[in-house]
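The values are calculated or read from the model by the stated rules, or taken from the named source; none is laboratory data. Here the structure is a predicted model, which is why all the values come from computation and not from measurement. Here the Cβ is made from the backbone with ideal geometry for all residues, glycine too, and neighbour counts use every protein chain on show.
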Amino acid sequence: MLEVKDLHVTVEGSEILKGLTLTINAGEVHAIMGPNGAGKSTLSAVIAGKDGYEVTQGSITFEGQDVLEMEIEERARAGLLLGFQYPVEIPGVKNIYLLKAALNAKREAEGLGEIPAPEFMKLIKEKVASMKMDTSFLQRAVNEGFSGGEKKRNEILQMLVLEPRLAMLDEIDSGLDIDAMKVVADGVNSLRAEDRAILLVTHYQRLLDYIVPDRVHVLVDGRIVKSGDAALALELESRGYDWVQEESAA
Amino acid sequence: MSEDVKTFLDRLAERNAARGPEPTWIAARRQAGAARFEAMGFPHRRVEEWKYTDVRAIARGDFALASDAEFSPASAAALTLPIEAHRLTFVDGVFAPALSRLDELPEGVALMPLSAALEENHEAVGGPLGRLTGVEFSSFAALNTAFMEEGAVLRLAPGTVVEKPIVLQFLSRAGEQAVMSHPRILIQMAGRSEATVIEHHVGQEEAANFTNLVEEIILERGAMLTHYKLQEASLKDLHVASIHVEQARDSRYASCNLNLGGALVRNDLVAELNGQGAETQFNGLFYGQGRQHVDNHTLVNHNAPHTVSRENYKGILDDRAHGVFNGKVIVKRDSQKIEAEQSNANLLLSDRAEIDTKPELEIYADDVKCAHGATTGQLDEEAVFALRTRGLDEQTARGLLTLAFAGEVMEQVNLDVVAERVELAVAGKLPERFNLAGLVEAAVALNEE
């Protein structure tokens, strides 16, 4: 589904990713872990198309399409969705506007018409309830004045409505208390499907107690230095990152 | 006398010749207005207050006075705000009883057309009319005084709370001959009375008339008025309004000045905070497109200590539209412990749109809390990116953010019917490339559930 090959990315003149290679297949959940500054967030930002990241070498392909050639919104419509570590507050833009505009943009790209209003209402109410949010959220401005936990729930709510092919979640666990993390994890788990992949970017192992990954990758200094199954995350939890760094340097 | 001025004074002479007998005081005031207008002429751009606003479209016009208030009830109904209200309707300045609703006025409320009040030589009129907005204020105020004969008079007895809003509706007709009207609005609210007034300017799409309003609002101790001015006249209409508010101790005035229509619009809004605890709030939104020119001049006089003013104006300008904002706050020498906040933010959607914004603070007291800021700019690019990562194309993202920019003023609007009307109007005015159709309706539908 997603193939990243030998990716080199420079931000403001310094190289952050230094030859990253990663393959994700449909139905899989991958976790990328690593110490601060390893380039974890850079990878998802580049895939989503954020400004200021220069790809100097390598490629990103999503279902055979060259991602780097696609506009930001085309990536989203193709099913590549990024859940932000720090969701932006957008004063004045109601959640319901965002959800409806986003869903219709996706449907249009798929050759479907606009979603009929009653169907849309039914859909979002159901998804809002599943994230244990109140429908009043829909009339509130996107993320404005939301607590950290509410912002993260809102990111997952968007995923549930938009049903991406590949959901990338950047530090979705940061700033969450245990109850909020369970709600978020339940939301992510409900996204698991045969034809969908999930990429979790995280610093801590605790999220992976709730969302058990198929593959775990350790990102150190711009490269994936070790990959394994869920057991690797536990090992990182008890031993830290240093041994991986030493092992890879050796 | 210049030709411009003569055209208007000739119309006035015709009108005066046709009048029946009247109390002498009103004739004398009209005369004073005419004399002052003749002496001042129309303002030119060398005058600081009119530096950015060219009124030649008015001065060079030849406007008749309407002689009837005919308007098809069906098309009037389509323009009228769908809200339960006490209502006075004027068509090109002429009172339209058939389109008004003055039954069921609660006790303590006097609401009538100015013509009726003048006929009775009503006590509510003689004293205050012209006390706040004198003929010296501007040549438009003088011109209005010279022609004054119609408008709305609202008077509330002490402690009267009017539940339903009071709608003052001004309809503008399209026709071969452009017309002018010089409405006066006089509102006197006695102690602790409360009301909501919605002033609504709207009309036929091709209307190209000139409206020259003077409004005088007197709030006695503890009175509270919420005043919406929704101006969505045709894009050819010319609109000038001078609004003066006098506030006694502990009174509250909240203005929501929403300017969507008009070819040339000039509002002067002045609040005199004369008693401790008086609070005034100016909220404004203007949207200019095509070659619209929208000028808002506001002034708050903190004449007493412990008074508060908060002002927030937002402008959106597209095409070759031109916006002007001038917000002045004057704090008198003994007006300690006052609070004054002012902000004006503008969004330019086109390279050829223009805004001239100028905050002016004059502070002669030393223990005050004042803040002001003016910004003009573009949209938050991080928000544009965030929306695009959800699949919205760039133009729709920008459209939504533009609507959101206006929305911040709409949050101050407590009447859903006004807020939705303006939101739909703004969404409808945004360039088609923004592709917002259907979005706003969704939120309105959710609200209604």
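Before moving on, here are some points about what is shown:
- Across the range A:62-92, the number of residues qualifying as among the basic types (Lys, Arg) and facing chain B (nearest Cβ under 7 Å) comes to 1.
- Within the range B:218-238, the residues that satisfy the criterion of being touching a His at 6+ places or on another chain (Cβ under 7 Å) and part of a strand (DSSP E or B) are B:230, B:231.
- Of the candidates A:95, A:104, the single residue that is within 9 Å of chain B (Cβ to nearest Cβ) and within 24 Å of the chain's Cα centre (by Cα) is A:104.
- Looking across the range B:368-383, the residues that are more than 14 Å from chain A (Cβ to nearest Cβ) and more than 23 Å from residue B:292 (Cβ to Cβ) come down to B:368, B:369, B:370, B:371, B:372, B:373.
- Residue in the range A:225-241 that is within 24 Å of residue A:129 (Cβ to Cβ) and surrounded by 19 or more Cβ atoms within 10 Å (Cβ to Cβ) present: no
- For the range B:346-367, the criterion of being within 14 Å of chain A (Cβ to nearest Cβ) and outside any helix (DSSP H, G or I) is met by at least one residue.
- Matching residues in the range B:384-434 - criterion: being part of a helix (DSSP H, G or I), of a type outside the set (A, V, I, L, M, F, W, C), in contact with a Lys or Arg (Cβ under 7 Å, 6 or more places away or on another chain) and within 8 Å of chain A (Cβ to nearest Cβ): B:394, B:408
- Taken residue by residue, the range B:158-166 has at least one member that is under 19 Å from residue B:99 (Cβ atoms) and of a type in the set (A, V, I, L, M, F, W, C).
- Out of B:244, B:306, B:302, one residue alone is crowded, with 21+ Cβ neighbours inside 10 Å, more than 18 Å from residue B:187 (Cβ to Cβ) and of a type outside the set (Gly, Ala, Ser). It is B:302.
- Which listed residue, of A:193, A:102, is touching a residue at least 60 places away in the same chain (Cβ under 8 Å) and loosely packed, with under 14 Cβ neighbours inside 10 Å: A:193
- Between A:25, A:36, the distinction of being at pLDDT 95 or above and over 13 Å from the mean Cα position of the chain (by Cα) belongs to A:25 only.
- Scanning the range B:57-110 for residues that are on the phi > 0 side of the Ramachandran plot and at pLDDT below 95 turns up just one, B:104.
- The range A:113-140, subset under 22 Å from the mean Cα position of the chain (by Cα) and among the small types (Gly, Ala, Ser), residue nearest to residue A:189 (Cα to Cα): A:130
- Within the range B:373-386, being under 14 Å from residue A:89 (Cα atoms) and touching a residue at least 12 places away in the same chain (Cβ under 8 Å) holds for B:379, B:380, B:383, B:384.
- Any hit, the range A:206-222, residues being loosely packed, with under 13 Cβ neighbours inside 10 Å, outside any helix (DSSP H, G or I) and out of contact with any His (no Cβ under 6 Å at 6 or more places or on another chain): no
- Candidate set: the range B:372-383, residues that are out of contact with any Lys or Arg (no Cβ under 7 Å at 6 or more places or on another chain) and in a loop (DSSP other than H, G, I, E, B); chosen: the one modelled with the highest pLDDT: B:380
- Checked across the range B:387-396, the condition of being free of Cβ contacts under 8 Å to residues at least 60 places away in the same chain and out of contact with any helix residue (DSSP H, G or I) (no Cβ under 9 Å at 6 or more places or on another chain) holds for no residue.
Let's see how each residue does on (1) at pLDDT 95 or above; (2) surrounded by fewer than 23 Cβ atoms within 10 Å (Cβ to Cβ); (3) not hydroxyl-bearing (Ser, Thr, Tyr):
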| residue | (1), (2), (3) |
| --- | --- |
| B:123 | no, yes, yes |
| B:146 | yes, no, yes |
| B:168 | yes, no, yes |
| B:196 | yes, yes, no |
| B:200 | yes, no, yes |
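- Test: residue A:114 is within 7 Å of another protein chain (Cβ to nearest Cβ) and acidic (Asp, Glu): yes
- Test result for residue A:97, closer than 27 Å to residue B:407 by Cα, of a type in the set (Phe, Trp, Tyr) and either touching a Gly at 6+ places or on another chain (Cβ under 6 Å) or in a helix (DSSP H, G or I) (or both): yes
- For the range B:103-150, a residue qualifies if it is of a type in the set (Val, Ile, Thr) and touching a helix residue (DSSP H, G or I) at 6+ places or on another chain (Cβ under 7 Å), and the qualifying residues are B:125, B:133, B:135, B:145.
- Residues located in the range A:141-163, provided they are assigned to a loop (DSSP other than H, G, I, E, B) and either surrounded by 17 or more Cβ atoms within 10 Å (Cβ to Cβ) or away from chain B (no Cβ under 14 Å) (or both): A:143, A:146, A:147
- Residue match in the range B:45-61 (condition: touching a residue at least 24 places away in the same chain (Cβ under 8 Å), farther than 29 Å from residue B:165 by Cβ and among the aromatic types (Phe, Trp, Tyr)): yes
- Between A:32, A:16, the distinction of being under 19 Å from residue A:188 (Cβ atoms) and either assigned to a strand (DSSP E or B) or within 14 Å of chain B (Cβ to nearest Cβ) (or both) belongs to A:32 only.
- Count of residues meeting criterion [more than 17 Å from residue B:258 (Cβ to Cβ), assigned to a strand (DSSP E or B) and in contact (Cβ under 8 Å) with a residue 40 or more places away in the chain] in the range B:288-301: 1
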